[in-house]
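J.: This structure is in structure tokens; I'll ask about it shortly.
The values are calculated or read from the model by the stated rules, or taken from the named source; none is laboratory data. Since this is a predicted model, take the numbers as computed values, not measurements. FYI the Cβ positions are ideal-geometry reconstructions off the backbone, even for glycines, and counts take in every protein chain you see.
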Amino acid sequence: MEIEDKTVKKTISVIIPTYNEEENIGPLVEALHKEFNHDLPKYDYEIVIIDNDSEDHTRSIIRSLCEKDKRVKAIFNEKNFGWLKSPVYGLMQTTGDCSIMLCADFQDPIELIPVFVKKWEEGNKVVVGQKIKSDENMVMYAIRGLYYKLVQRFSDNNYIEQFTGFGLYDKEFVQILRDLKDPAPFLRGYVSEFVGHPEIVEYHQPKRQHGKSWGSISRLYDTAMVSINGLYESWTSFCHFFGDCFSYFQFWRRYILPDL
């Protein structure tokens, strides 16, 4: 008598934000197919691409990829919602038992995906990739390092330095993001706030493979502003303290010092 195999494969979602990635998205999807077939054959997977209103041929390439393989899915934003909001929204649309976020430019090494999955299977709900070395512009890398130290100085949370969002997120964590319904989401802030001790995988970041890098100083500035807003309680306490000191000083200057 033949016994029916009721084993259900776990599903891994891969979320890829894009903006003007016509040279990268096709080769990346092909590389992901090979990675899953070779190193993760026991898992089902989906590749979700969220495009942030690209101005080149990225969208037509994505449509072609979806037509060729039903595991490739697309979300086309009606406008550019910014590089902080769009990836988080895409992450919330995934359906897998866990979701892996990575950039479309090959700077997030896809060979780390099996490492992430192994650590997830060991019980870690969030596994993050942390750059310890980078082939990117040395000035930008140094500015990022300074930014992380500055934010950490004023933060009650333990922000992970050189963490861009590249990592694995269990479906329970993804559900937390959905329940928050935050109109201004900040993934790195959520990881520091809701995950006590995320598993960290260190890596050497390679250069962008094709196209123009969008990791500019202006984008880093945007991230810094969101981080500061995310540190609202610390900054509010500081402002209250400063305001009290200033009020006492004015009181002494006006009512006490003239009589001395």
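J.: Hey, any hits in region 15-32 for a residue that's loosely packed, with under 14 Cβ neighbours inside 10 Å and in a loop (DSSP other than H, G, I, E, B)?
T.: Looking through region 15-32, none of the residues is loosely packed, with under 14 Cβ neighbours inside 10 Å and in a loop (DSSP other than H, G, I, E, B).
J.: In region 40-65, what residues are within 21 Å of T95 (Cα to Cα), more than 22 Å from the chain's Cα centre (by Cα) and part of a helix (DSSP H, G or I)? Show your work before the answer.
T.: Looking only at region 40-65, we keep the residues that are within 21 Å of T95 (Cα to Cα), and these are 40-52, 62-63, 65.
Imposing the further condition that a residue be more than 22 Å from the chain's Cα centre (by Cα) reduces the set to 40-44, 63, 65.
Those that are within 21 Å of T95 (Cα to Cα), more than 22 Å from the chain's Cα centre (by Cα) and part of a helix (DSSP H, G or I): R63, L65.
J.: Now for a different question. Find all pairs meeting these conditions: Cβ atoms under 9 angstrom apart; at least six residues apart or on different chains; first residue within region 158-171 and within 15 Å of V88 (Cβ to Cβ); second residue at pLDDT below 90 and part of a loop (DSSP other than H, G, I, E, B).
T.: Short answer, once both residue conditions are applied: T164/G215.
J.: Just for region 54-93: of the residues that are of a type in the set (S, T, N, Q) and within 16 Å of N20 (Cβ to Cβ), which one is surrounded by the most Cβ atoms within 10 Å (Cβ to Cβ)?
T.: Going through the qualifying residues, I end up with T58.
J.: Which of the residues that make up region 66-107 are part of a loop (DSSP other than H, G, I, E, B), without any contact (Cβ under 8 Å) to a residue 12 or more places away in the chain and of a type outside the set (D, E, K, R)?
T.: The answer is none; no residue qualifies.
J.: Of all residues being under 20 Å from I100 (Cα atoms) and charged (D, E, K, R) in region 41-53, which is surrounded by the fewest Cβ atoms within 10 Å (Cβ to Cβ)? Just the residue, please.
T.: Ranking the candidates gives K42 first.
J.: Would you say I75 is under 27 Å from D135 (Cα atoms) and either within 21 Å of the chain's Cα centre (by Cα) or basic (K, R) (or both)?
T.: Answer is no for this residue.
J.: Within region 148-159, can one find any residue that is modelled with pLDDT of 80 or more and either touching a Cys at 6+ places or on another chain (Cβ under 9 Å) or closer than 27 Å to S13 by Cβ (or both)?
T.: Looking for residues that are modelled with pLDDT of 80 or more and either touching a Cys at 6+ places or on another chain (Cβ under 9 Å) or closer than 27 Å to S13 by Cβ (or both), one finds none in region 148-159, hence no.
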